[in-house]
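Read the structure below first, then the notes.
The values are calculated or read from the model by the stated rules, or taken from the named source; none is laboratory data. Because the structure is a prediction, the values reported are computed rather than measured. Please note: Cβ atoms are built from the backbone with ideal geometry, for glycine as well, and neighbour counts cover all protein chains shown. The accessibility values were calculated without ligands, DNA or RNA, using every heavy atom of the protein model including side chains. Shrake-Rupley method; radii C 1.70, N 1.55, O 1.52, S 1.80 Å.
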Amino acid sequence: VAHTTQAFPLDDYNVVKITRAGFRSSTVDNVAVTPKVMQLEMDLEQIELGRFDHFMQKEIYEQPASLRNTMRGRLQRQDGKVVLGGLANFAKELTKAKRVTLAAQGTALHAAMIGEYMLEDLAKVPAVAEYASEFRYRNPIIEDGTVIVAVSQSGETADTLAALSEAKDRGALSLGVINVVGSTIARETDAGVYLRVGPEIGVASTKAFTGQVAVLAMITLFMARRRYMSPDQCSRFIEELEAIPEKIERVVQHDAAIRKVAERYCERENWLFLGRGYNYPTALEGALKLKEISYIHAEGMPAAEMKHGPIALISDGMPAVFIANKGRQYDKVLNNIAEVRARGGHIIAVATEGDHEIKKVAEEVLYVPDIV
């Protein structure tokens, strides 16, 4: 991006010959191909470190701005509508969809799991999030009315591409939830929605994860509004979505407090991350981040599953991160916390602002704003 504002993707089995005079693109059989040149949508500032210590930190702090970009022009609160130009030509098929399969790997899979919950909860359509690597090697059932959603930051994840190809061959309508414009998944799908979060350089995904969740929430509302949801209901969800960037800005202000908690527990070699409902995939993502970045063993699981065996692994002082937001399962999460405390685990609770009761059962409390 420091040297050009134009680029073009190279399709499979295509080659380019570059000389001082220019370049020529062709197939491997030497049949000339006209390249589809596109304008790069990033500037130099986006890929420079600036005042931050590393790119992951920079991208954590970029999340409020990146999410506003993701949602810009796509939410119409007054009309209770979500406008996704990439899906407009397939609105009828999505309204009649009988099943949605979300294929992804790693962090994208955790976003897909949240998407699965949202699609069933709000759009009332059967949905399942699948490891793309498993999907491609079994004999999945793809019925008429099945939609495959490939979720990937890069748009080049090999297992996700293979799962997409398998589902398309069996007749599924294919959608992409992708960040990189012109990537292979973006080109191979029937339609899709770009994240628009800007380039993600940090190895561990941060802003792309929240962008994926936001896009899947918008796809859910896009379908729900056409199936069962009233304009007023949709408008309320849109209002909450639009408020999230400002709430993230409040969370990153707790950087110093979070750093102190990390310093107190950084010598611990085994961690648990626990949540229920929507917070279960988030617990998985928290555990993945600790493994990826710190090389420390961490397990994410549903909070209720912990007592069915894994509780035996809890040792004195073992950190257990509970996502304990106020909600339908809050009391049950408190019961799970009590079980871990009884075995000597140290509780680090991520709780809703204003929840002072949680301090009675947790060694550490990190607060986040309430979200309906």
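The table below gives the values:
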{"item": "Environment charge at Met42 (Cβ cut-off 15 Å; Lys +1, Arg +1, Asp -1, Glu -1)", "result": "-4"}
{"item": "With all protein chains modelled, accessible area of Lys307 [1.4 Å, Å²]", "result": "100"}
{"item": "Links that overshoot a 30 Å alpha carbon limit, given the list Lys260/Lys360; Lys207/Lys326; Lys124/Lys168; Lys168/Lys307", "result": "Lys168/Lys307"}
{"item": "Accessible surface of the range 305-358 [probe 1.4 Å, protein heavy atoms]: carbon and sulfur percent", "result": "49"}
{"item": "Percentage of interatomic Cα-Cα distances in the range 57-113 larger than 13 Å", "result": "76"}
{"item": "Potential extension, Lys291-Val33 segment - 0.36 nm per residue separation minus Cα distance", "result": "88.5 nm"}
{"item": "The chain - accessible surface per residue (Å², probe 1.4 Å)", "result": "52"}
{"item": "Fraction of antiparallel bridges per DSSP, the chain only, in percent to nearest 5", "result": "20"}
{"item": "Calculated over the range 1-72: convex hull of Cα atoms, volume per residue (Å³)", "result": "149"}
{"item": "Size-normalised alpha-carbon gyration radius of the chain, reference 2.2 N^0.38 Å", "result": "1.06"}
{"item": "Rg ratio (alpha-carbon, reference 2.2 N^0.38 Å) - the range 235-298", "result": "1.39"}
{"item": "Peptides ranked, highest mean first, by Cβ atoms within 10 Å: ranges 63-70, 264-271", "result": "63-70, 264-271"}
{"item": "Cubic angstrom per residue, convex hull over Cα atoms of the range 125-240", "result": "113"}
{"item": "Cα shape, the range 112-183, gyration tensor, a/c 1.5 rule", "result": "oblate"}
{"item": "Value of Rg to Rh for the range 1-136 (Rh from inverse mean 1/r over Cα pairs, i.e. Kirkwood)", "result": "1.05"}
{"item": "Net charge dipole size for the chain [Lys, Arg +1 and Asp, Glu -1 on Cβ; Debye, nearest 20]", "result": "660"}
{"item": "Reciprocal mean inverse distance between Cα atoms of the range 262-372 - Kirkwood radius, Å", "result": "13.8"}
